[in-house]
Every structure is written in structure tokens, then in C-alpha cells.
1. Helix 253-263 against the longest principal axis of the chain: what's the angle in degrees, Cα atoms only, rounded to the nearest 10?
2. Would you be so kind as to identify which of T33, L197, A435 lies farthest towards the positive end of the dipole of the chain, taking Lys and Arg as +1 and Asp and Glu as -1 on Cβ and the Cα centre as origin?
3. To the nearest 10 degrees, how steeply does helix 122-188 sit against the main Cα axis of the chain, on a 0 to 90 scale?
4. Of all the stretches in the chain, which is the longest one without any exposed loop site, taking trypsin sites (Lys or Arg not before Pro) in a DSSP loop (any state but H, G, I, E, B) with at most 13 other Cβ atoms within 10 Å?
5. With charges only on Cβ, +1 for K and R and -1 for D and E, what is the dipole size of the chain about its Cα centre, in debye, rounded to 20?
6. Mind pulling the angle between the C-alpha long axis of helix 325-394 and the longest principal axis of the chain? Nearest 10 degrees, somewhere in 0 to 90.
7. As a footprinting exposure proxy, order S241, S222 by other Cβ within 10 Å, with the fewest listed first.
8. Between their Cα atoms, which of K181/K390; K52/K131; K31/K371; K35/K371; K161/K390 are more than 22 Å away from each other?
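Every read-out reported here was derived from the displayed coordinates using simple, explicitly stated rules and does not represent laboratory data. Everything numeric here is computed off the predicted structure, so don't read it as measured data. Note that each Cβ is placed from the backbone with ideal geometry, even for glycine, and that neighbours are counted across all protein chains shown.
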Amino acid sequence: MKHKLTTVATFLAVLYLVSIQTVKAQDSTRKITLKEAIDLSIANSHLLKNNKAKIDESIAATKEATERKLPDFSVSASYLYLPVRPQINLKSDTSGGGGGPKISQAMYGIVSASLPLFAGGKIKYGIESSKYLEQAAKLDADDNREAITLNTINAYSNLYKAQAAVALVKDNLGQSNQRVKDFTNLEKNGLVARNDLLKVALQSSNTELTLLDAESNYTLASVNMALMLGLPEHTILSADSASLQQTGTVKPIEEYEALALQGRKDIGALTLRKKDAEVNIKYVKADYYPSIALTAGYIALDVPGFVTVTNAVNIGVGVKYSLSSLWKTKSKIAQAEARVQQLSANQDMLNDNIRLQINQAYQAYLLSNKKIEVYKKAVEQAAENYRITKNKYDNALATTTDLLDADVAQLQTRLNVTNATADAVVAYNKLLQTAGLLNN
């Protein structure tokens, strides 16, 4: 009796642990839509966080350039100890005492301010340049956001395909296992040969191996997706098939090319950087001009036993000019002009690459839709082929191998149409991304 109670207690404990694991597995499974996946990937993207920091840096740089219009203000003060008596000879000294006053220390303070009036346009061009770079940084972030969106769509498609493959193979494995049971009963009754039963059992084993591969692929796809979304990597994600639907109609390829050349963020960023380079030429040429500033200051001086100066207020205009700029600025201008030429060439190359990308994406989309049509026909053909082969087999007009081949062909066509449907959605969004329309 005691042995029976122990066995029952062990069974209940095992059952409890299994139920806990099942609940945990259910809790860790999360069904997610494509929109949710895109929002999470953008919110948790390390690249976009880096872009945000670059934008903040460029905003601060613009503010710094603007603040150069403000006056400079400085305060300085010193206390000096003179261990050796200085020799002071005042021309107006008529005391005849000789040697001058005894001085061992001195103190002074200076307050100065300078307001730039003219700097050859450097302040103006510096602000203009910083604003162009700030806008370019924002466009870089928008371009990366589109790339992340497309990458998420691609990962979501892979998750869906892996998930669908598991479901289809499981369904096929159930049919294969049932076929093994049927053939086992027929073999016992002498209605089928032992060899036919082994063929059926072998196919069931192969299907089981295929299922293991499919489940492994699904797990990896789920881990990849979870990491992209900033979720715990053990979270099992389930894709929503309704999310993978193409919306909108496809325009002629010429429209996509025109839209891309007008609206692509990378083109916009490169255009702004070219403008910055053009402004930099003016900035460098400003070295040819002097800088003029309004200056003001206050000086206080105290040399005990000798002199005290207070209220020494001054105001004036300061001019500064570097003569070396006459022979040094020319090479700087040449470098700035070469930079503009490089960016112009980069623009031309980017325009050509964009046209090529759009043509590739457009053709890939057309091909994916044609594949869907072909695969859908293949599904119908494979189903009909299996039905006919099954009838022939039932009437001893086809072999077991023929029946199993027809079954495998039917599974493969179903997998093909599922994959092609998901690939078509990715191809459509790739076309939108190459045209700069994905986030729209």
C-alpha cells in the first residue's frame, strides 16, 4: 500500500511539473502582428539610438555656431610676489633718493569683452554649414529607419514561413503515421507486402526528420525576431498570417524612379552635404578678410607703496588680419572645391545605383507574383495527381512508391506556395524602400 502511495505521489509530482512547464511555455508564446514588430524594432534599434545621438550632436553644433555671434567675455586676476627688488627708474622722479620704491608684491585684475562685428562671413557660413549637416543627420536616421523596417519585414516573413512549414509538415506527418497504421493492419492480414509497409514507415521517419528541421528553423527565426524587437530571446513568437498581405497597387517603373530621385533620404542627405561643402568654400575664402570686433575692458592694478590704478575703463575697435592667409588660403580653397566635385560624382553614382536597385526590385516583385501563380497551379495539379495515384493504387494499378512520391510532391507544392506568398510581400516592400516610400 505504501509503495502504491509513493508511486501515486511521484506521478502527481511529475504531472504538476509538466503542467508548470506547459503554462510557462504558453506564457512565453506571443502572437505579434507585423506592425507591432516594426514599432518594436524601431523603438529598440541600437542603430537608431546611435542616430539619435548624432542628431543631438549636430543640433548642439548648430547652437555652438550660432553662439559665435555672441560677445566673448573674460575675467582674470593675479597676485604676484617679487622676491628680488625690481629696479624702477621713473623719468619724472625728482626725489633724488635713488633706487626707487621698495616693491615686493603686485596685484591686478582685468575684465574684457569682445563683440565680433565682421569676420569675413565665417560666422554666417558656419551657422549655414551646421544647419545643413543637422538636416543631413536627420535624413540619415530616416534612411536607416526604412532599412530597419524592411529588415523587420524580411525577418517576420522568415518567421511566418518557418511557422507555416512546421504546421504543414506536422499535418503531413499525421497522415503518414495513419498510413503506417493502415499498412500495418493490411500487412498483418496479408493484403500488402512487408516491403510496402517498410517504404511507408521509412517515409514517415523521413517526414519526422523534416519536422525536426522545420522546428529548429522556427526556433532560430523566433530567436532572431525576439532579439530584433528587444524581447527576451526565449520568447516564442507567432506570426499573424493576416499581417502578410500586400496593400496598394504597383505603379509603372518610371514613376518609382522619379519618386526615388525626389524623395530618397540618402539622396537628400548627400545633397545637403554637397551644399555644406559649397558653403565651406565661402568659409575658407573668408580667411582673405580681416576680422573686426568691438572691444571693451576694465583694468585694476595695485602695487603697494608704488601705484594704484582703478576705473581704467577702455572701449574701442580691434582689427586682426593674418598676412599668411594670402598664400595659405589658396590650397584650402582647392581642397574645398575638390570635396564638392567628389560629392557631385557621388550623386551621379547614387542616381545610377538607385535606378538599378529599382529595376531589380521591380523585376523581383513581378517574378514573385508569377511564381505564386505557377505554385498555385502546381498545388492543384499535385492534389489531383495524388487523387489519381491513390485511385490507381487502390485498384492495384500503381505502386506504393508512386503513392508516396505523389504525397511528397503535394507537400512540397504547399510549402512552395506559402513561401512564395511571403516572399512576394517582402519583394513589394523592397520596391517601396528603394523608391523611398516604405515609411509612407
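1. On a 0 to 90 degree scale, this one is about 30.
2. Going by the Cα projections, it comes out as A435.
3. Relative to the chain, helix 122-188 is tipped by roughly 10 degrees.
4. The segment 103-440 is the longest one with no such site.
5. With Lys and Arg at +1 and Asp and Glu at -1, about 900 debye.
6. Tilt of helix 325-394: around 10 degrees.
7. Fewest to most other Cβ atoms nearby, the residues stand as S241, S222.
8. K31/K371; K35/K371; K161/K390
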